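Worksheet: one structure, shown below.
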Amino acid sequence: MNVVTRFAPSPTGFLHIGGARTALFNWLFARRHGGKYLLRIEDTDRQRSTAEAVDAIHDGLSWLGLEGDEPAISQSARAARHAEVAADLVARGAAYHCYLTEDELAALRDEARAAGVPVRSPWRDRDDAPDGPFVVRMRMPDSGETTIDDSVQGHVTVQNRTLDDMVILRADGTPTYMLAVVVDDHDMGVTHVIRGDDHLNNAFRQTMVYHGMGWDVPVFAHIPLIHGADGAKLSKRHGALGVDAYRGMGFLPDALANYLLRLGWSHGDDEIISRENAIAWFDLAQVGKSPARFDLDKLSDVNSHYLRSLDADSLWDLIAPHIDATSPQARARVVALKPLLAERARTHLDIAGSIGYLLHDGAPMMQEDAAGLLDDEARTRLVKLVGDLPNAPWKGESLATFLKEWLTANGLKMKDIGLPLRAALTGTRQSPSITDVMAALGPHETEKRIGETCKI
RNA sequence: GUCCCGUUCGUCUAGGGGUCUAGGACACCGCCCUUUCACGGCGGCAACACGAGUUCGAAUCUCGUACGGGAUGCCA
């Protein structure tokens, strides 16, 4: 089968985390089957749609590597086609003009609700056509049932009489979502509709539009929504941040995608899954049916894995905007220590905030808890150490060997000098292995720092 | 109200009738490694919502209840 999927966000805000996951699943499914993945901006509600939101969505998608295979389609640009289909539906008897006033409708709705039945307009059975505003409603079947074989939810059946005569064309002639989504999916050749399960019920109503037009109904896959850490539906108030917010927190796009993929989908016990494997393994049948909670701790952990596999130059590019290096050696030092730095961080922001001693030359900014380490005895030892420092080679491993021998020769233990040495060189109590730091700093800078921080 | 969906450790999940005294990951706790912080290794804590039924046997199948979620808009 020639697979075509689409991601169809409505531009009422940023690309939120749930939308990103829906996009990811669509992208993955299309890639998995060698199909196409398209984008459509659902801006039928002109009031709530903004150009900024469209940009934000594109930004989020491109950051995640989920841009469409073709330029995005704007739903509002297709209003004429939607109206045309609505008229066609009326001509085919699948829909009808409804002249109900707002008050009449409200009364009808109350009545229907009290009776536990769906809204059906009396106009579905009338032949007259008064001269006034009307909407176009679907004429839902009174009997029978409709079954959807959903790729995630399984077989779901609904009695046709529970379906309401939904409006497909507003009084002003513009289409509603229920119509537009079907027409666009059909015209775009969408074969698989993968979306949030809040649309599961809508799928039955939309199926009637497909039937009314004699179109093939696509395969549906309704994936569960993501909930906040507190279990509540993710809303803007509940941390449903835009992907840009996670980007701002220092998460890598591949890490976010990996985390999102594992939310609701699994491949045995695999946790860290490359894009390549994700494409090879992705399968709608493995998508769970229950909503998952968003967990920052787990995201952080996934991110740390990706951070460790990042190459040093990329890391530098990532942190560069967040630091103000004054030493010409800054980049070389960071690059040299990258693996050790990444091992100690969850995000590149953690690294950016803890490497001041690599960015500037001379005595490091001394943190309070580190300053206390440099008492007279420690400084005396460090000064002696500087005097005995070897000329070469300045590599972490050989420096470690040298240090051990030096300690033995002076009747000292590593604990006698390790922490003070770190404090003198970095101004902190924590850093990568101090001999690796010395190697990154080089002999000149090492001597200079000890000289400045250990004046007696 | 009516209809639809869901429910395994705190969280993400494996599990598709016996191999489950329920596995993995994150978080948490302990130990080891160790110049610090980490990483890594080892170990621990911790779950099949509840009740019936089907079956020799159920986390796995069926029904019910409870609790969540969704739909019921001239929003998407």
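The values are calculated or read from the model by the stated rules, or taken from the named source; none is laboratory data. Only a predicted model underlies this, so the values are computations on that prediction, with no experimental measurement involved. All Cβ positions, even for glycine, are placed from backbone atoms using ideal geometry, and neighbour counts span all protein chains on display.
Report, ordered by the first and then the second residue, all pairs with beta carbons closer than 7 Å, sequence separation of six or more or different chains, a first member in region A:140-161 that is touching a residue at least 12 places away in the same chain (Cβ under 8 Å), and a second member that is more than 12 Å from RNA strand B (Cβ to nearest atom) and assigned to a strand (DSSP E or B).
Listed pairs, sorted by first residue: A:Asp150/A:Ala221; A:Ser151/A:Val219; A:Ser151/A:Ala221; A:Val152/A:Ala221.
Across region A:30-41, what is the number of residues that are more than 16 Å from RNA strand B (Cβ to nearest atom), touching a helix residue (DSSP H, G or I) at 6+ places or on another chain (Cβ under 9 Å) and outside any helix (DSSP H, G or I)?
Adding up the residues that qualify gives 3.
So is A:Asp269 in contact (Cβ under 8 Å) with a residue 60 or more places away in the chain, under 30 Å from A:Arg32 (Cβ atoms) and of a type in the set (Asp, Glu) or not?
The answer is no for A:Asp269.
Kindly evaluate A:Asp324 against the criterion of being more than 15 Å from RNA strand B (Cβ to nearest atom) and either of a type outside the set (Ser, Thr, Tyr) or touching a Leu at 6+ places or on another chain (Cβ under 8 Å) (or both).
When the stated conditions are applied, A:Asp324 passes them.
If A:Tyr99 satisfies every condition in (1) buried (at least 17 other Cβ atoms within 10 Å of the Cβ); (2) closer than 25 Å to A:Leu252 by Cα; (3) among the hydroxyl-bearing types (Ser, Thr, Tyr) but one, which is the exception?
(2)
Any idea how many residues of region A:208-224 are assigned to a helix (DSSP H, G or I), small (Gly, Ala, Ser) and within 16 Å of RNA strand B (Cβ to nearest atom)?
0
Return the residues of region A:282-303 that are near RNA strand B (Cβ under 8 Å from one of its atoms) and aromatic (Phe, Trp, Tyr); say none if nothing qualifies.
A:Phe294, the sole residue that qualifies.
Do you know which residues across region A:42-70 are part of a loop (DSSP other than H, G, I, E, B) and among the charged types (D, E, K, R)?
Result: A:Glu42, A:Asp43, A:Asp45, A:Glu67, A:Asp69, A:Glu70.
Scan region A:124-136 for residues that are in a strand (DSSP E or B) and more than 8 Å from RNA strand B (Cβ to nearest atom) and jot them down.
Once the filter is applied, which keeps residues that are in a strand (DSSP E or B) and more than 8 Å from RNA strand B (Cβ to nearest atom), region A:124-136 yields only A:Val136.
Pick out the one residue from A:Ile279, A:Ile273, A:Ile226, A:Ile194 that is under 30 Å from A:Asp350 (Cα atoms), of a type outside the set (Ser, Thr, Tyr) and more than 14 Å from the chain's Cα centre (by Cα).
One residue alone meets the criteria, A:Ile273.
On the basis of being closer than 24 Å to A:Thr176 by Cβ, at pLDDT below 95 and assigned to a helix (DSSP H, G or I), does A:Arg109 make the cut?
yes
What about A:Ala400, is it crowded, with 19+ Cβ neighbours inside 10 Å and not aromatic (Phe, Trp, Tyr)?
no
Quick one: which of A:Asp165, A:Asp172 is part of a loop (DSSP other than H, G, I, E, B), near RNA strand B (Cβ under 8 Å from one of its atoms) and charged (D, E, K, R)?
A:Asp172
If a residue has to be in contact (Cβ under 8 Å) with a residue 24 or more places away in the chain, near RNA strand B (Cβ under 7 Å from one of its atoms), part of a helix (DSSP H, G or I) and over 18 Å from A:Met365 (Cα atoms) to count, how many in region A:407-435 make the cut?
Within region A:407-435, residues that are in contact (Cβ under 8 Å) with a residue 24 or more places away in the chain, near RNA strand B (Cβ under 7 Å from one of its atoms), part of a helix (DSSP H, G or I) and over 18 Å from A:Met365 (Cα atoms) number 1.
Can you say whether A:Glu104 is modelled with pLDDT under 95 and part of a helix (DSSP H, G or I), as far as the supplied structure shows?
Taking the combined requirement at face value, the residue satisfies it.
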